[in-house]
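S.K.: Take this structure, written in structure tokens, and hold onto it; I'll ask about it next.
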């Protein structure tokens, strides 16, 4: 009889996930025991404790994360920009017309001023079009997969997808273990991020909100394909982030994590006048030794000035990378 | 001791959902035992039986459903068009400028030809703009909620959201019970459908893909709002459906259910050259007595000609509403 009870209990505990000893290890061990960490764990405990006014139903536990500079590094260039340059380098030897293109030459020479000239940054859009359109979505996925397998970060000499932050990977898991759904809401391309989001972050494609171009449906040799275009581009940055959240998720998040002024509107939308309890978090890059130190004058993207000013009055948590994280990279 | 075992067992069975007697009732009782029903249940059994080549992992069990004419009725007018006309009627007495607008008058007089004149259907876009823009997303939600509470279908004299199909409601539940995620992929407005999708279909807002306009983020009196605009409109119909699926879900579905030529591309994208097992289903409106009978010449929307021709060669299941459903409406 005791055996029967033991078997039943063990089965029950397996089903409910309550195995003995669980919860003893710190799920956020890469975070030092500082106020930033406490503000996050206290918030999560607050919204997940039943029979309290601050309890939030699991379907409303939406957490949104910026990607570049928040989940992985973004210096010296956002990694998708490195992909663009590497693709142009790879293709130029076999494609003379491409090699002769003045904007391709500007990109290969690192002449950012030429690319950004003009109100609409025509040069940049042109090299984006060269590397992000005219192929099917399947062909683009393969190009990104190949690049991730081949390319290495210039300073850390590792594949780019090994430059995710250990504390943030832990935070994603910790939130999911507490019934949150974790979304990426990034200015990066959705198609680009979806190639690796499941493998690298455990975030499935349908939970990746990013910048998108249109696609054109075709039957090619009788088989359905989607051809990537830039006929219309939705830029999921700044004021675009609340719009993207509304369009793709249709709910207001209760937790938003970012690192730049591009995330300010997303943090406002999450934390101001939200009928549910909410938390905003900003990662401040303060660690030149282990990663990078920047705010007002970033290497390329990730300027952080106005959002940092707003953090105090809004009660947002500011993470000091150097002091608050005992480990930076996940691998 | 027996009590302890009974309590544990009952707890275990509650947790696993295995209560005695479950599974004995037919989950698709509103479907007659016809080949259409069998094709669906055989497909679901095929992709959910472990250790077989056709087993599909739960994360890939994506089912997409058109809404108008597939999950609820679409005659004599798509219900969102009825909302537009009712809104104009409601507002015209207090808004003289609105009442004097020639396109509003055309809409109120049922003068569809005037609304659809011109290559870009300027009249239709104009009345859509009047009823779908210039307000916040919250104000729009409230307008739809109020309309659903007040309006009644001209023939069936019931609230519109009581005109969903019982067999399809059962199919949605049956699929979810078998580990599918059910999505709406409709030409209707996403913001419109999200007001009732959870309550009426058990489909949460993030699983509703529809036509969308842009929104503009503002802090109004210090509070974040999204103002609806038609600066850019994504039309989630015909070739737009595969694009919408790619953009919002980022995975190919394995089951697609529609009822018109507007769903043809979605069924192609789901069933042709899909590396996973897949099924396409078309609902044919054949029941003038209990609902409506139409295909080539529908009352307003829902033309079904080329998709029906393609059904045979593609192996799509065609549902004959009159003969295959023993109940039509869910309430």
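The values are calculated or read from the model by the stated rules, or taken from the named source; none is laboratory data. Bear in mind the structure is a predicted one, so any value in this text is a computation, not a measurement. Here Cβ is always computed from backbone atoms with ideal geometry, including for glycine, and neighbour counts include all displayed protein chains.
S.K.: Specify which of the listed residues (B:53, B:58, B:35) is out of contact with any strand residue (DSSP E or B) (no Cβ under 9 Å at 6 or more places or on another chain) and in the same structural domain as residue B:302 (by TED's automatic domain parsing).
M.R.: Being out of contact with any strand residue (DSSP E or B) (no Cβ under 9 Å at 6 or more places or on another chain) and in the same structural domain as residue B:302 (by TED's automatic domain parsing) holds for just one of B:53, B:58, B:35, which is B:53.
S.K.: Now for a separate question. Could you say which residue among A:56, A:47 is in contact with a helix residue (DSSP H, G or I) (Cβ under 8 Å, 6 or more places away or on another chain), surrounded by 14 or more Cβ atoms within 10 Å (Cβ to Cβ), at pLDDT 95 or above and within 28 Å of residue A:183 (Cβ to Cβ)?
M.R.: The conditions single out A:56.
S.K.: Select, from B:256, B:288, the only residue that is surrounded by 15 or more Cβ atoms within 10 Å (Cβ to Cβ) and assigned by TED's automatic domain parsing to the domain that holds residue B:167.
M.R.: B:256
S.K.: List the residue pairs whose Cβ atoms are under 9 Å apart, where the first residue sits in segment A:91-120 and is within 22 Å of residue A:143 (Cβ to Cβ), the second is exposed (fewer than 10 other Cβ atoms within 10 Å of the Cβ), and the two are 6 or more positions apart or on different chains.
M.R.: Short answer, once both residue conditions are applied: A:99/A:93; A:106/A:113.
S.K.: Something else: Could you list all residues from segment B:198-210 that are farther than 10 Å from residue B:183 by Cβ and buried (at least 22 other Cβ atoms within 10 Å of the Cβ)?
M.R.: Matches in segment B:198-210: B:201, B:210.
S.K.: A further question follows. Based on this model, can you work out whether residue B:253 counts as facing another protein chain (nearest Cβ under 7 Å) and at pLDDT 95 or above?
M.R.: no
S.K.: Examine segment A:164-182 for a residue that is more than 22 Å from residue A:146 (Cα to Cα) and within 12 Å of chain B (Cβ to nearest Cβ), and state whether such a residue exists.
M.R.: Yes: segment A:164-182 contains one or more residues that are more than 22 Å from residue A:146 (Cα to Cα) and within 12 Å of chain B (Cβ to nearest Cβ).
S.K.: Next question, about the same structure. On the given criteria, is residue A:313 part of a loop (DSSP other than H, G, I, E, B), without any contact (Cβ under 8 Å) to a residue 24 or more places away in the chain and within 14 Å of chain B (Cβ to nearest Cβ)?
M.R.: no
S.K.: Just checking, how many residues over segment B:256-274 are within 11 Å of another protein chain (Cβ to nearest Cβ) and closer than 25 Å to residue B:57 by Cβ?
M.R.: Residues meeting the conditions: 9.
S.K.: For segment A:215-233, state whether one or more residues are farther than 19 Å from residue B:274 by Cα, buried (at least 18 other Cβ atoms within 10 Å of the Cβ) and facing chain B (nearest Cβ under 9 Å).
M.R.: no
S.K.: Still on this structure, I have one more. Which is away from chain B (no Cβ under 14 Å) and at pLDDT below 95, of A:300, A:288?
M.R.: Being away from chain B (no Cβ under 14 Å) and at pLDDT below 95 holds for just one of A:300, A:288, which is A:300.
S.K.: May I pose another question? Return yes or no: is residue A:97 touching a helix residue (DSSP H, G or I) at 6+ places or on another chain (Cβ under 6 Å), part of a helix (DSSP H, G or I) and over 30 Å from residue A:321 (Cα atoms)?
M.R.: Taking the combined requirement at face value, the residue does not satisfy it.
S.K.: Take segment A:42-58 and flag every residue that is free of Cβ contacts under 8 Å to residues at least 40 places away in the same chain and assigned to a helix (DSSP H, G or I).
M.R.: Hits for segment A:42-58 are A:42, A:45.
S.K.: Within segment A:59-84, count every residue that is in a strand (DSSP E or B) and within 14 Å of the chain's Cα centre (by Cα).
M.R.: Matching residues across segment A:59-84 total 5.
S.K.: Within 13 Å of chain B (Cβ to nearest Cβ) and in contact with a helix residue (DSSP H, G or I) (Cβ under 8 Å, 6 or more places away or on another chain): is that true of residue A:189 in this structure?
M.R.: Yes: the conditions hold for residue A:189.
S.K.: Out of everything in segment B:234-250 that is surrounded by fewer than 22 Cβ atoms within 10 Å (Cβ to Cβ) and under 20 Å from residue A:184 (Cβ atoms), what residue ends up being nearest to the other protein chains (Cβ to nearest Cβ)?
M.R.: B:250
S.K.: Please determine whether any residue of segment A:167-187 is free of Cβ contacts under 8 Å to residues at least 24 places away in the same chain and more than 12 Å from the chain's Cα centre (by Cα).
M.R.: No: segment A:167-187 contains no residue that is free of Cβ contacts under 8 Å to residues at least 24 places away in the same chain and more than 12 Å from the chain's Cα centre (by Cα).
S.K.: On to the next question. What number of residues within segment B:253-297 satisfy the criterion of being assigned to a loop (DSSP other than H, G, I, E, B) and over 18 Å from the mean Cα position of the chain (by Cα)?
M.R.: So the count comes out to 14.
S.K.: Count, please, the residues in segment A:281-297 that happen to be touching a residue at least 40 places away in the same chain (Cβ under 8 Å) and more than 21 Å from residue A:315 (Cα to Cα).
M.R.: The total comes to 4.
Per-residue answers, yes or no, for (1) part of a helix (DSSP H, G or I); (2) outside the structural domain of residue B:204 (by TED's automatic domain parsing); (3) under 20 Å from residue B:153 (Cα atoms):
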{"position": "B:86", "(1), (2), (3)": "yes, yes, yes"}
{"position": "B:104", "(1), (2), (3)": "yes, yes, no"}
{"position": "B:118", "(1), (2), (3)": "no, yes, no"}
{"position": "B:129", "(1), (2), (3)": "yes, yes, no"}
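S.K.: Additional query: Can you find, within segment B:106-116, the residue that is farthest from the chain's Cα centre (by Cα) among those that are outside any loop (DSSP other than H, G, I, E, B) and surrounded by fewer than 15 Cβ atoms within 10 Å (Cβ to Cβ)?
M.R.: Of everything passing the filter in segment B:106-116, B:113 is farthest from the chain's Cα centre (by Cα).
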